[in-house]
Amino acid sequence: MKSKKIISIVVLVMFSFVLILAYLNRGELEIKNELQTEEKFRIIFNDKTYEVSMDDLINIGIEEFVATVDTSTTDPHDEKFKGVEMKKVFDFLEIDTSNIKTVECKALDGYASALTAEEVMADKNVYIVVEREGKALGVKSEGGTGPYMMLIKSVQFAQRWCKFLQDVVIK
């Protein structure tokens, strides 16, 4: 009888904890849905947040490039992508990159990938991708990998790429 009471209390506490976390994360879920629906991602630098849209990337100049795709389930092969170099997005927003140390890319699904300043500032290396093999990346709810993805050309494997890009945090 006593053990049933203890189990009931533990279950009640755990259930309450889940409800509290759901309530606290509600706002973040709304932001994620809005970013994906409106095809935007955020760049966070110091205390300022910039929202970047597809129109912004078009204004910066989307370019086509080839990157080698190599995963644990595929042999290396080249694919065509369209996107904008991340450092050009920073320039467009007039972000001073002279003292950055790292850039963290966060995905809608919780994945994160960290980059060095050297990787980001290298020519033709880190891109915000909008198309793969001639097709828009699509949103997660429709089985896509976008609407945006961060891609690093210089890495051997694609596991550091960040699908479903939500935030780019400059440190």
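Annotation note: Cβ proximity below 6 Å between a residue of the stretch 129-149 that is closer than 15 Å to Ile58 by Cα and a residue that is of a type outside the set (Ser, Thr, Tyr) and open to solvent by 10 Å² or more (accessible area, probe 1.4 Å) (sequence gap 6+ or interchain) occurs for Val130/Lys82; Glu131/Lys82; Pro147/Glu39; Pro147/Leu137; Pro147/Val139. Filtered by the rule that a residue be among the β-branched types (Val, Ile, Thr) and at pLDDT 95 or above, the stretch 112-171 gives Thr116, Val120, Val126, Ile128, Val129, Val130, Ile152, Val168, Val169, Ile170.
Scan the stretch 93-110 and give yes if some residue there is within 14 Å of the chain's Cα centre (by Cα), open to solvent by less than 30 Å² (accessible area, probe 1.4 Å) and small (Gly, Ala, Ser), otherwise no. Before you say what the answer is, go through the steps one by one.
Just the residues of the stretch 93-110 that are within 14 Å of the chain's Cα centre (by Cα), to begin with: 103-110.
Cutting the leftovers down to open to solvent by less than 30 Å² (accessible area, probe 1.4 Å) gives us 103, 105, 107-108.
Right, trim to small (Gly, Ala, Ser) and you get 107.
Yes; the residues of the stretch 93-110 include at least one that is within 14 Å of the chain's Cα centre (by Cα), open to solvent by less than 30 Å² (accessible area, probe 1.4 Å) and small (Gly, Ala, Ser).
Among the residues in the stretch 148-171, are any aromatic (Phe, Trp, Tyr), open to solvent by less than 70 Å² (accessible area, probe 1.4 Å), under 20 Å from Ile44 (Cα atoms) and out of contact with any helix residue (DSSP H, G or I) (no Cβ under 8 Å at 6 or more places or on another chain)? There is at least one residue in the stretch 148-171 that is aromatic (Phe, Trp, Tyr), open to solvent by less than 70 Å² (accessible area, probe 1.4 Å), under 20 Å from Ile44 (Cα atoms) and out of contact with any helix residue (DSSP H, G or I) (no Cβ under 8 Å at 6 or more places or on another chain). Within the stretch 152-161, the set of residues being under 17 Å from Ser72 (Cβ atoms) and either touching a residue at least 40 places away in the same chain (Cβ under 8 Å) or within 8 Å of the chain's Cα centre (by Cα) (or both) comprises Gln156, Phe157, Ala158, Gln159, Arg160, Trp161.
Whether a residue is more than 26 Å from Ser141 (Cβ to Cβ) and not β-branched (Val, Ile, Thr) was assessed, and Met121 passes this test. A Cβ distance below 6 Å, combined with a sequence gap of six or more or placement on separate chains, defines the contacts here; from the stretch 82-110, residues that are closer than 20 Å to Ile60 by Cα reach residues that are open to solvent by 80 Å² or more (accessible area, probe 1.4 Å) in the pairs Lys82/Glu64.
Taken across the stretch 138-145, residues that are in contact with a Gly (Cβ under 8 Å, 6 or more places away or on another chain), of a type in the set (Ser, Thr, Tyr) and crowded, with 18+ Cβ neighbours inside 10 Å do occur, with at least one present. Return yes when Lys124 is open to solvent by 30 Å² or more (accessible area, probe 1.4 Å), among the charged types (D, E, K, R), part of a strand (DSSP E or B) and touching a strand residue (DSSP E or B) at 6+ places or on another chain (Cβ under 9 Å) and no when it is not. It is false that Lys124 is open to solvent by 30 Å² or more (accessible area, probe 1.4 Å), among the charged types (D, E, K, R), part of a strand (DSSP E or B) and touching a strand residue (DSSP E or B) at 6+ places or on another chain (Cβ under 9 Å).
If I filter the stretch 61-92 down to residues being of a type in the set (Gly, Ala, Ser) and surrounded by 11 or more Cβ atoms within 10 Å (Cβ to Cβ), which single residue comes out as farthest from the chain's Cα centre (by Cα)? Please lay out each step first, then the result.
Within the stretch 61-92, the first condition is being of a type in the set (Gly, Ala, Ser), and the residues that meet it are 61, 67, 72, 83.
If we keep only those that are surrounded by 11 or more Cβ atoms within 10 Å (Cβ to Cβ) as well, we get 67, 83.
On the way: Ala67: 18, Gly83: 14 Å.
By that ranking, first place goes to Ala67.
The values are calculated or read from the model by the stated rules, or taken from the named source; none is laboratory data. As the structure is a computational prediction, the values presented were derived from the model and not from experiment. Don't worry about glycine lacking a Cβ; one is built from the backbone with ideal geometry, like all the others, and counts go over all protein chains shown. All accessible areas refer to the heavy atoms of the entire protein, side chains included, with ligands and DNA or RNA removed. Shrake-Rupley method; radii C 1.70, N 1.55, O 1.52, S 1.80 Å.
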